[in-house]
Amino acid sequence: MRVTHHLLAITLAALGGCAATMPPSYPQNALSPSGPSVLDTKPMPDVKRRTLDGATFDSAQARGRKVVVVKFFAKYCEPCKRSLPWFQRFAAEHPEVAVLGVDEDERESDARDVVTMFGLHFPIVHDTGNALSGRFRVSDMPITFVADKKGRIRWVGGPDQTESELEAAVSASSH
């Protein structure tokens, strides 16, 4: 079944979108930029994972102090490739924001390739078994979640999100 989902994702990526490799039990609605999500205004799922560089990212440590931005992407996803350069720039320009990248590729080596290809320097986890994408109800990529300092999701950006929309969402969530 995993192979079927991977082939579907590759096919959809070739058509211009990137469907995540989600188990059939999760909703498959595409989220528009700053669009509705079943998680909207709900607490962001906690993330405590080892990053590709060996550190640990723990979203609970940021709660009460920082806005948290979580971006899901994959090597096979063309829209992801277009957004990663400006997302790297965003992360570098906003040290006051806790930024996490979640790579949805099957192999960790592909995740490492993405890091090298785009010169990514923010924390990135490889989502082995798609556990995080399941908790975040990811159905399309790239997708970005912005949680305010209290840990509530305030904005969800879909495949057509822009850097200025993300900037505005983070600014609005900082207050």
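Read the figures in this text as sums done on the coordinates, not as results from a lab. This one's a predicted model, so the numbers in the text were calculated from it and none came from an experiment. No Cβ is skipped: glycine too gets one built from the backbone with ideal geometry, and neighbour counts run over all protein chains shown.
What GluC sites (Glu not before Pro) does segment 56-135 have in DSSP loop regions with at most 16 other beta carbons within 10 Å?
Passing sites in segment 56-135 are E96.
Subtract the Cα-Cα distance of H175 and R65 from 0.36 nm times their separation in residues, and report this length gain in nm to one decimal.
That pair, H175 and R65, stretches by 38.5 nm at full extension.
I need the phi-derived Karplus couplings for segment 113-122: 6.51 cos²θ - 1.76 cosθ + 1.60, θ = phi - 60°, integer Hz, Gly and Pro marked x.
4, 4, 4, 5, 4, 10, x, 7, 10, 8
Cβ under 15 Å from E108's Cβ, E108 left aside: what net charge do those residues give with Lys, Arg +1 and Asp, Glu -1?
Net local charge, E108 excluded: -3.
What does the charge add up to near E96, with Lys and Arg as +1, Asp and Glu as -1, over the other residues with Cβ less than 12 Å from its Cβ?
Once all neighbours under 12 Å are counted, the net charge is +2.
Count neighbours as other Cβ atoms within 10 Å of each site's Cβ, and list the trypsin sites (Lys or Arg not before Pro) in segment 59-129 that are DSSP loop with at most 11 such neighbours.
Counting only loop positions with at most 11 other Cβ atoms within 10 Å, the trypsin sites (Lys or Arg not before Pro) in segment 59-129 are R65.
Using 0.36 nm times the number of residues separating R50 and R82, minus their current alpha carbon distance, what extension gain do you get?
8.9 nm
May I ask for the net charge around T162, where only other residues with Cβ less than 13 Å from the Cβ of T162 are counted and Lys, Arg are +1 while Asp, Glu are -1?
Local net charge: -2.
What's the extension gain from S164 to S109 if we count 0.36 nm per residue and subtract their Cα-Cα distance?
16.7 nm
Longer than 21 Å from Cα to Cα, which of K48/K81; K48/K149; K48/K150 are they? Say none if no pair is.
Table pairs above 21 Å Cα-Cα are K48/K81.
What ³J(HN,Hα) values, in whole Hz, does the Karplus curve 6.51 cos²θ - 1.76 cosθ + 1.60 give for segment 57-73 when θ = phi - 60°, with x put for Gly and Pro?
Working through the residues one at a time gives 9, 10, 4, 5, 5, 7, 4, x, 10, 9, 6, 10, 10, 10, 10, 9, 7 Hz.
Within a 10 angstrom radius of the beta carbon, how do D110, D46, D103 rank from fewest other beta carbons to most?
D46, D110, D103
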